[in-house]
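Remarks on the structure that follows.
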Amino acid sequence: MSETAKDTVNERLRGLPSVDSVLSSPPAAGLIGRYGRERLAEAVRETLGKARESLLAGEGAPASVEEALEAATGALEKLFRPRMRKVLNLTGVAIHTNLGRAALAGEAAEAARMAALSCVNVEYDLERGVRGDRDGIVEELLTTLTGAEAATVVNNNAAAVLLALNTLAEGREVLISRGELIEIGGSFRLPEVMARSGCVMREVGTTNKTRANDYENAFTERTALVLRAHTSNYRIVGFTSRPALPELAAFAKEKGVPLMEDLGSGTLVDLSAFGLPHEPTVQETVRDGADAVTFSGDKLLGGPQAGIIAGRADIIKRIKSNHLKRALRVDKMTLAALEATLRIYLDPEKAVEKIPALRSLAKSLEDVRAMAEKAAPMVAGKLGGSAEVFVMDDVLRAGAGSLPEVDIPSVSVAVRDARMSPGELAEFFRRLDPPVIGRVEDDLFRLDMRCLDDVGELAGALA
Ligand SMILES: *Cc1c(COP(=O)(O)O)cnc(C)c1O
């Protein structure tokens, strides 16, 4: 750089306002009120630093106070913007793990709010004024609803399986059918969980067929547990069999080891009442002889993220006294929401009305179609003339390892647009407020209507 060029750059650098002068300028006062002095000062410093760098590189002109504030505000708006936002799940997957799984029933959300805003007796015996048991909040409800003798709650079902395996079989062998070595999305792989819990996996049978005597042949004095797992996201069809639960339970009992079933989704109501395939309920699993059953709180149960272990009193007692439990315990808000959700199940007919996940799955196809007929003109109105918007029959999946491979009849609003590809349409809808999440299939952008509770919500997003 020549001497004169250097002089010009130096002059321009001197033309940059100081951080202090920007912060003490009149328009900064309002921004300090909104974002706080510390954040604003940092953003201004960064903005001026960038301006200095481009001047040194021989580019740009000195920023004015107003320009510096404008750039800083842009950065701060982005920083202060809420990241977790309400979205409309019209993906055709009812319980979508990436979208937070089950939406809570109103009363469950209210209970979580109460617990969040106050001190609560989460671990305090109000009658005796002494320390209580965290599980005491939900245990009676769980035993009433499932028929199990006792129950305990941890952070999620993965934690429930880990904790139960570690308690019941650390350093010893666990028998499991080769057809049940499941992997659930998000890296829950049964062989890995087994290893982490410190037990030795002993595979029995084959992928498609496992018989009772396969368990018999694998049983040794090192065997501590028989495990059965729900094949949540796949089905083995064709030439297949596995022992019925009562048969396996009788085997475990004869050998003097517990039988645990990882039920995964775990429903408390018989879904066949809504025309869905029958899923073994927690109650049936307990009744058929499982000594411990693990299931999720936020799948078909429709509550908060949690893992529930229900089972024999002596087994649950051992699990509760495992020190690992302390690391996996749930917080007061989860517990409050779970309690309120379980209370709804005391009257199973109310559960279907009040719990959003069940309500969506139980909704009649006519109701879903009526929703689609209302929504289609709104979508068409938003997109304008180039879009072809129509109502079509579709299929929905329960999702999150519930009802594997079951097609649930549904109705979608489908869009084809001369100006936008299906992917661009998906992006357009994601940018609405609240974001509307659909899916692309067969070159069509689709909005599945089964999980939309109120067409007004979609109207609001489109407005
Ligand atoms: C979903 C599932 C899990 C994991 O449960 P999370 O609540 O997601 O931790 C474990 N086992 C089975 C069979 C499942 O379906």
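Each value in this text was obtained by applying a stated rule to the coordinates, not by laboratory testing. Keep in mind that what you see is a predicted model, and the values were worked out from it rather than measured. Ideal geometry is used to build each Cβ from the backbone, glycine not excepted, and the neighbour counts take in all protein chains shown.
So the values come out like this:
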| quantity | calculated |
| --- | --- |
| Degrees, to the nearest 10: 365-383 long Cα axis against longest axis of the chain | 10 |
| Net charge contributed by nearby residues that have their C-beta within less than 12 Å of K350 (K/R +1, D/E -1) | -1 |
| Cross-link reach list, aspartates and glutamates versus K374, counting only Cα pairs under 20 Å and skipping chain neighbours closer than eight places | E366, E388, D393, D394, D417, D433, D448, D453, D454, E457 |
| Dipole magnitude (debye, nearest 20) for the chain, charges at Cβ of Lys, Arg, Asp, Glu | 840 |
| Amide H contacts under 5 Å for E279, placed H, 5+ residues apart | L271, S272 |
| Pairwise centroid distance, computed over Cα atoms, of the stretch 255-295 with the stretch 327-378, Å | 20 |
| Helical mean residue ellipticity (222 nm; -39500 (n - 2.57) per DSSP H run of 4+; nearest 500) of the chain | -13000 deg cm²/dmol |
| Crossing angle, helix 332-345 versus the chain [Cα axis fit, 0-90 degrees, rounded to tens] | 50 |
| Loop-located trypsin sites (Lys or Arg not before Pro) in the stretch 365-441 whose Cβ has at most 14 other Cβ within 10 Å (DSSP) | R419, R431 |
| Estimated vicinal HN-Hα couplings, Hz - the stretch 163-180 in sequence order (Karplus 6.51, -1.76, 1.60; Gly, Pro = x) | 5, 5, 5, 4, 5, 8, 9, 4, x, 10, 9, 10, 8, 8, 5, 5, x, 10 |
| Rounded if a/c under 1.5, otherwise prolate or oblate - the chain, Cα gyration tensor axes | prolate |
| J(HN,Hα) series, the stretch 39-46, from Karplus relation 6.51 cos²θ - 1.76 cosθ + 1.60, nearest Hz, glycine and proline x | 5, 5, 4, 4, 5, 5, 4, 5 |
| GluC sites (Glu not before Pro) lying in DSSP loop within the stretch 206-279, provided at most 11 other Cβ fall within 10 Å | E221 |
| Per-pair calculated FRET efficiency, R0 = 45 Å: V237 and E107 via Cβ, rounded to 0.05 | 0.65 |
| Calculated FRET efficiency for the pair K78/R14, C-beta based, R₀ 22 Å, to 0.05 | 0.15 |
| Gyration tensor verdict on the stretch 156-314 (Cα atoms; rounded if a/c is under 1.5, prolate if a/b is larger than b/c, oblate otherwise) | rounded |
| Label point distance in nm, E149-V120, each placed 7 Å from Cα along Cα→Cβ | 2.9 |
| Ranked list, fewest to most other Cβ atoms within 10 Å of each Cβ, for C199, C119 | C119, C199 |
| Cα-based shape type of the stretch 190-233, given that a ≥ b ≥ c are square roots of the gyration tensor eigenvalues and the cut on a/c is 1.5 | oblate |
| Cross-link table K209/K317; K255/K317; K86/K382; K332/K363; K78/K382, entries beyond 25 Å C-alpha to C-alpha | K209/K317; K332/K363; K78/K382 |
| Given charges at beta-carbon only (K, R positive; D, E negative), |dipole| of the stretch 311-419 in Debye | 980 |
| Pairwise centroid distance, computed over Cα atoms, of the stretch 18-87 with the stretch 143-180, Å | 53 |
| For the stretch 224-232, 3J(HN,Hα) per residue [Karplus equation, 6.51 cos²θ - 1.76 cosθ + 1.60, θ = phi - 60°, Hz, x = Gly/Pro] | 10, 7, 10, 10, 10, 10, 6, 7, 5 |
